[in-house]
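The values are calculated or read from the model by the stated rules, or taken from the named source; none is laboratory data. Note that the coordinates shown come from a computational prediction; the quantities given were computed from them, not determined experimentally. Cβ atoms come from the backbone with ideal geometry, glycine included; neighbour counts cover every protein chain shown.
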Amino acid sequence: MKMGSKLKLARNGNQSRRLRLVMLLVGCFLVTMTYLVASKPRGLVRSSFGFRTSMPTPLSGDDVLNGDENGRHSTASGRKDPQNSQASAESNDEKEKSIQGEKNAIVVDSTSQEVARTDELTEGGEQIQTLERKSSCDLSDERVDICELYGDIRIPGNSSSVLFMESSNNTEHKEAWRVHPYPRKGDETCLREVRELTIRATSEAPRCTVHHNVSAIVFSVSGYTGNLFHDFSDLLIPLFVTARQFDGEVQFVVTDFRRWWINKYRLVLQRLSKYPVMDFDGDEEVHCFKQVIVGLRAHQEFQIDPARAPNGYTLIDFTRFIRSTYSLQRETVNNIEDLAARKPRLLIIARKKTRAFTNVGEIVAMAEGLGFEVVVDEANVSSDMAQFARTVNSCDVMMGVHGAGLTNFVFLPLNATMIQIVPWGGLEWMSMLDFGYPAMAMGLKYLQHSITIEESTLTEQYPRDHRVFTDPMSFHGSEFKVVRSTFMKTQNVKLDVNRFKGVLWEALEKMIQ
């Protein structure tokens with residue numbers, strides 16, 4: 001009996017503990033539900049934020065074309081991808097955190113940005129606050145001033161103004177910025193030819209006559225255009241970095257309009273934008289956009305910094321884009337087995353005015369003796385860009401004296417070799433900056449060869465004891481125009497073919513590595 005009584009008491013005790021546990025759980029559940037209903041946390045309320053920390057980044061067609069692992073592999077803003085709908089649903093919580101992070105991460109340059117707040121109603125009748133960025137001008141970059149505008153943006157043709165609308169009761173901070181939309185900031189000689197634009201907030205502006213459903217990019221084609229190097233370094237590469245992310249859904253608005261330049265690079269412009277280029281200065285309409293970029297994103301000379309470029313673009317992405325644009329057949333230099341059926345092909349960029357080879361015939365004979373098939377050519381302003389691009393792309397090695405003609409290396413296939421001949425005058429640093437580092441960044445093999453005093457025609461102009469020969473670096477302390485006039489505008493090259501033969505042998509060795 002004692003054992004039975006103990007079992008009965010134990011069962012009664014367990015039942016009592018289970019009842020208390022159930023009551024505790026029910027109480028916690030009621031408290032939690034009461035809190036959720038009363039506080040309506042953000043996860044249970046439909047939110048709508050108009051503020052973005054940068055302009056929308058639609059899907060780039062280059063992501064697939066280039067195999068860009070850093071690219072954005074998602075659909076454009078405002079579009080749904082049915083294949084990813086399930087994944088999107090599973091990541092709603094992460095997206096909500098991201099939106100809240102953007103909201104809390106408004107870092108504003110003291111000279112650059114205003115944020116407008118407006119109240120809106122959700123479908124359920126709840127009042128929310130929407131953040132809408134009106135303007136953002138970055139004047140801190142050493143190479144370019146660039147403005148991003150978002151809202152009601154109006155561009156009156158032939159006016160030198162870009163206007164963003166604000167409510168009439170917002171009378172404070174009616175700021176204005178003056179921008180030269182060409183990436184040579186601080187170069188007064190260059191910017192003297194570039195029309196200055198004023199970007200300003202206003203509550204009164206001309207009525208819209210043309211509405212656009214795409215973003216706009218405003219830039220100048222003046223400055224140093226017409227020089228092949230500057231066409232690419234100042235405009236085409238920055239334009240790629242700024243516009244490629246929109247996958248063609250962007251309107252180019254060009255000031256200092258030069259029809260010949262637009263025609264020359266028509267294929268590139270058509271790949272970046274689906275719409276005819278708009279002449280800012282020759283248009284009488286009032287064009288209205290929701291998003292506008294004034295200026296072009298530019299990094300170092302003839303370079304792309306993937307850490308600062310949308311979608312992590314690189315210079316290799318740019319050259320792939322160029323080869324695709326001009327329908328070039330060779331993507332890369334084939335291995336040694338390919339050379340069993342043909343000779344390696346060498347292109348000599350033969351300048352005709354300054355820094356020209358004075359003994360091209362000797363160079364050709366020496367190269368052919370090593371087994372090269374040699375092509376001698378140079379593109380100029382009137383050249384058919386597509387035709388010359390095909391010539392360059394067919395070659396395995398390209399060589400030339402430092403100058404704009406070397407810019408054609410953008411058409412070479414990957415793993416091709418570029419040889420830069422550096423004229424006399426301590427120009428090695430400039431040669432590396434302009435072409436050496438970019439060549440390596442675009443996946444080319446690079447060789448640099450500096451000439452001796454005996455190979456320079458400067459010996460015909462100065463005595464051997466002149467500081468042009470004894471201390472050429474002393475000229476580099478002066479303005480660049482002194483260096484240019486002394487070592488670049490009046491110097492030609494008589495290449496020592498016996499000395500240079502070793503460089504071509506090295507180029508052959510690089511082809512079989």
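Some notes on this structure:
- Within the stretch 372-381, not a single residue is in contact (Cβ under 8 Å) with a residue 40 or more places away in the chain, of a type in the set (Gly, Ala, Ser) and farther than 28 Å from LEU458 by Cα.
- Residue check for LYS501: modelled with pLDDT of 95 or more, closer than 30 Å to ASP384 by Cα, in the same structural domain as THR354 (by TED's automatic domain parsing) and among the charged types (D, E, K, R): no
Residue-by-condition table, conditions (1) surrounded by 21 or more Cβ atoms within 10 Å (Cβ to Cβ); (2) assigned to a loop (DSSP other than H, G, I, E, B); (3) among the polar types (S, T, N, Q):
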residue: ARG308; (1), (2), (3): no, yes, no
residue: ILE316; (1), (2), (3): no, no, no
residue: THR319; (1), (2), (3): yes, no, yes
residue: ARG330; (1), (2), (3): no, yes, no
residue: ASN334; (1), (2), (3): no, yes, yes
residue: ILE348; (1), (2), (3): yes, no, no
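- Within the set ASP384, ASP377, the sole residue that is surrounded by 15 or more Cβ atoms within 10 Å (Cβ to Cβ), modelled with pLDDT under 95 and under 25 Å from VAL268 (Cα atoms) turns out to be ASP377.
- Taking the criterion of being at pLDDT 95 or above and of a type in the set (Gly, Ala, Ser), the residues of the stretch 313-355 that qualify are SER324, SER327.
- Condition met for LYS352 (touching a Gly at 6+ places or on another chain (Cβ under 9 Å) and without any contact (Cβ under 8 Å) to a residue 60 or more places away in the chain): no
- Residues within the stretch 249-258 that are surrounded by fewer than 20 Cβ atoms within 10 Å (Cβ to Cβ) and within 18 Å of the chain's Cα centre (by Cα), tallied: 1
- Residue selection: PHE246 satisfies the criterion of being under 15 Å from the mean Cα position of the chain (by Cα) and touching a residue at least 12 places away in the same chain (Cβ under 8 Å).
- Check on ALA416, more than 25 Å from the chain's Cα centre (by Cα) and of a type outside the set (S, T, N, Q): no
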